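Take a look at the structure below.
The values are calculated or read from the model by the stated rules, or taken from the named source; none is laboratory data. Because the structure is predicted, anything quoted here is derived from the model rather than measured. Virtual Cβ from ideal backbone geometry, glycine too; neighbours counted across all protein chains shown.
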Amino acid sequence: MASPETYPNPDSDAEHPARGSNSENDALTQELSAVTKADSFVTRIEASPLFQGSVIFIIVLSAISIGAKTYDVPPLFMQVMSILDAGITVFFLAEIVLRFSACQDHRGFFKDGWNLFDTLIVIASLVPIANAQAVLIGRLLRVFRVLRLVSVVPELRSLINALLKAIPRMGYIALLMFIIFYIYGATGSLFFSDINETLWGDVSIAMLTLFRVATFEDWTDVMYETMEVYPLSWLFYLSFIFLTAFVFLNMMVGTILEVMTAEHNSESEAIAHRERHLMSDQLNKMQRQLNTVQSLLEGKNKL
């Protein structure tokens, strides 16, 4: 009796090596999908309003605990504050790690000045304060954790950025103010030193007196004293106040407002650029997925 003829198994991986490669591709696709889902989950947590609100709440709680330690409180309360401080430090450390994980460009995370600032503050909070000599330094470093509120709240961050960018322009205004102070100080010292040596003895003292006049700190007493000898000396004071308190102050405010407007426009452009970049990444990702599906379908059709 003839043995039955055997036929090759169409489902065998040895007969179809492409089948094994397809299974490897499926496994790799599943791993990539799992990683992508994990990254998107961490990103959603980091960008959620609940998480941002929790960070702000912890920062405020940290500020309150630091202020509470400046009072004479019972030892039990101090122990509770120490435990709370340790919990706050752990929360800040976890928050930095979460933000670093949610950042797509890990190398560029520390290129952002605010991220670097937050990281340094958190690392400084990890300094142990068990040593008596390090208690003061450790507490001082923990005080700076309150500054993290600036980096967390976007509005405060925009104000600080605008102020820092306005400093170079404000420097020229301050230089012009110094020139005006020096001219008026030298003039006042020449005319009023005989009236009051304490207020107008030399240029430096006269400039301090003019600063008192500019801040409206009993400036009328200084003016009336010189008017007894020079009745028209009120012109000296009024012109100085007009220049310092009105002209230069408005120039300072105008400079800050101009920089803030430019900063707001640049932030709007950056947000639009990030949205376009994100949309482009999503389209590229969809294109890669379509290419993968197409290659899988072509491989099955060849079989």
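For the range 62-167, please list each of the helices (runs of 4 or more DSSP H) lying entirely inside it that holds at least 1 residues being modelled with pLDDT of 80 or more. Lay out the reasoning, then the answer.
Working: elements: 75-102, 113-125, 135-143, 148-152.
Hits in the range 62-167: 75-102, 113-125.
Working carefully through the options 189, 193, 204, 280, find the one that is under 30 Å from residue 163 (Cα atoms), without any contact (Cβ under 8 Å) to a residue 24 or more places away in the chain and of a type in the set (S, T, N, Q).
Working: 189 fails: under 30 Å from residue 163 (Cα atoms); 193 fails: under 30 Å from residue 163 (Cα atoms); 280 fails: under 30 Å from residue 163 (Cα atoms).
When all the criteria are applied, what remains is 204.
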- Message: Give me the residue from the range 212-245 that is polar (S, T, N, Q) and in contact (Cβ under 8 Å) with a residue 12 or more places away in the chain and, out of that set, nearest to residue 170 (Cα to Cα).
- Response: 244
- Query: Yes or no: residue 257 within 30 Å of residue 114 (Cβ to Cβ) and part of a helix (DSSP H, G or I)?
  - Reply: yes
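Say whether the condition of being among the hydroxyl-bearing types (Ser, Thr, Tyr), over 30 Å from residue 187 (Cβ atoms), without any contact (Cβ under 8 Å) to a residue 60 or more places away in the chain and in the same structural domain as residue 178 (by TED's automatic domain parsing) is met by at least one residue in the range 246-261.
So in the range 246-261, the residues among the hydroxyl-bearing types (Ser, Thr, Tyr) come out as 255, 261.
Filter once more, so that each one left must be over 30 Å from residue 187 (Cβ atoms): 261.
Cutting the leftovers down to without any contact (Cβ under 8 Å) to a residue 60 or more places away in the chain gives us 261.
Now restrict to residues that are in the same structural domain as residue 178 (by TED's automatic domain parsing): 261.
Within the range 246-261, one or more residues are among the hydroxyl-bearing types (Ser, Thr, Tyr), over 30 Å from residue 187 (Cβ atoms), without any contact (Cβ under 8 Å) to a residue 60 or more places away in the chain and in the same structural domain as residue 178 (by TED's automatic domain parsing).
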- Message: Go through the range 79-109 and report how many residues are more than 19 Å from residue 60 (Cβ to Cβ) and exposed (fewer than 13 other Cβ atoms within 10 Å of the Cβ).
- Response: 7
- Item | Selection from the range 46-102 of residues that are free of Cβ contacts under 8 Å to residues at least 24 places away in the same chain and of a type in the set (Gly, Ala, Ser) | 48, 53, 54, 65, 67, 68, 82, 86, 87, 94
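Only one of 188, 171 is under 26 Å from residue 250 (Cα atoms) and more than 40 Å from the chain's Cα centre (by Cα); which? Steps first, answer last, please.
Numbers: 171 fails: more than 40 Å from the chain's Cα centre (by Cα).
Result of the check over 188, 171: 188.
Condition check: assigned by TED's automatic domain parsing to the domain that holds residue 239, touching a Gly at 6+ places or on another chain (Cβ under 9 Å), part of a helix (DSSP H, G or I) and surrounded by 15 or more Cβ atoms within 10 Å (Cβ to Cβ). Does residue 199 satisfy that?
Numbers: assigned by TED's automatic domain parsing to the domain that holds residue 239: yes; touching a Gly at 6+ places or on another chain (Cβ under 9 Å): yes; part of a helix (DSSP H, G or I): yes; surrounded by 15 or more Cβ atoms within 10 Å (Cβ to Cβ): yes.
Spelling it out, residue 199 is indeed assigned by TED's automatic domain parsing to the domain that holds residue 239, touching a Gly at 6+ places or on another chain (Cβ under 9 Å), part of a helix (DSSP H, G or I) and surrounded by 15 or more Cβ atoms within 10 Å (Cβ to Cβ).
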- Considering only the range 198-220, state which residues are closer than 16 Å to residue 244 by Cα and either small (Gly, Ala, Ser) or within 38 Å of the chain's Cα centre (by Cα) (or both). 206, 207, 208, 210, 211, 212, 213, 214, 215, 216, 217
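Condition test on residue 216, is it in a loop (DSSP other than H, G, I, E, B) and not β-branched (Val, Ile, Thr)? Even if it seems obvious, please write down each step before you answer.
Details: in a loop (DSSP other than H, G, I, E, B): yes; not β-branched (Val, Ile, Thr): yes.
Against the criterion (in a loop (DSSP other than H, G, I, E, B) and not β-branched (Val, Ile, Thr)), residue 216 qualifies.
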